[in-house]
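The values are calculated or read from the model by the stated rules, or taken from the named source; none is laboratory data. What you see is a predicted model; the values in this text were computed from it and never measured. Methodologically, a virtual Cβ is constructed for each residue, glycine included, from the backbone with ideal geometry; neighbour enumeration extends over all protein chains shown.
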Amino acid sequence: SVLTVLGTGAPQVASFFITYVIFNALVVKPIMLLRPWGLLIFCIRYRLAATPRARCRLWALQEMPFGPLLPNHTIIVLLTLVFACVHPLVTPAGLLYFTVNQLLERYQQVYVWRRSYESGGKLWRQAVLQVMVGLYMAQITMLGLLGIKRFK
């Protein structure tokens with residue numbers, strides 16, 4: 001059954017996801033602070049800019065890309081919630097991720113991005129729904145683990 005597969009498979013892959021969360025915190029997020037793709041695009045646009053005014057506009061703050069950032073955060077929340085009962089060391093890894101992320105994104109919010117619109121909280125609803133799915137998956141995983149331990 002599904003509970004048996006989750007109960008036996010989850011403990012075996014928990015260390016991989018701990019490594020994944022730590023890698024995201026210590027490697028991916030600092031690279032996102034450097035923004036190599038943004039720098040490359042800036043250099044190309046700077047070379048192609050015809051006038052000094054066009055070059056000056058390139059230095060303006062850019063819009064915050066909420067769409068690509070939200071799934072990264074929700075997948076880390078999901079992994080932390082699901083594997084917290086299987087392997088408790090995933091919770092400090094999740095804490096490390098969100099601490100590093102908070103520091104780096106605060107810097108980018110102040111010095112790199114500009115707010116171009118207000119959505120009225122439409123993105124918040126999607127984030128809460130994704131976290132709730134993570135909680136449901138954590139409960140199913142916990143049921144699978146307890147079911148295997150009980151019936152063995």
Q | Residues of the stretch 80-102 satisfying the condition of being within 17 Å of F16 (Cβ to Cβ), among the β-branched types (V, I, T) and part of a helix (DSSP H, G or I) | A | T80, V82, V90, T91
Q. Within the stretch 123-138, is even one residue over 21 Å from F66 (Cα atoms), in contact with a helix residue (DSSP H, G or I) (Cβ under 6 Å, 6 or more places away or on another chain), of a type in the set (S, T, N, Q) and in contact (Cβ under 8 Å) with a residue 24 or more places away in the chain?
A. no
Q: Could you check P65 against (1) modelled with pLDDT under 85; (2) within 12 Å of the chain's Cα centre (by Cα) and say which number it fails?
A: (2)
Q: Would you list the helices (runs of 4 or more DSSP H) that sit entirely within the stretch 1-79 and hold 3 or more residues that are within 28 Å of Y136 (Cα to Cα) and of a type in the set (G, A, S)?
A: 2-23
Q: Quick one: in the stretch 83-97, of everything that is within 15 Å of the chain's Cα centre (by Cα), more than 28 Å from I41 (Cα to Cα) and surrounded by 17 or more Cβ atoms within 10 Å (Cβ to Cβ), which residue is modelled with the lowest pLDDT?
A: V90
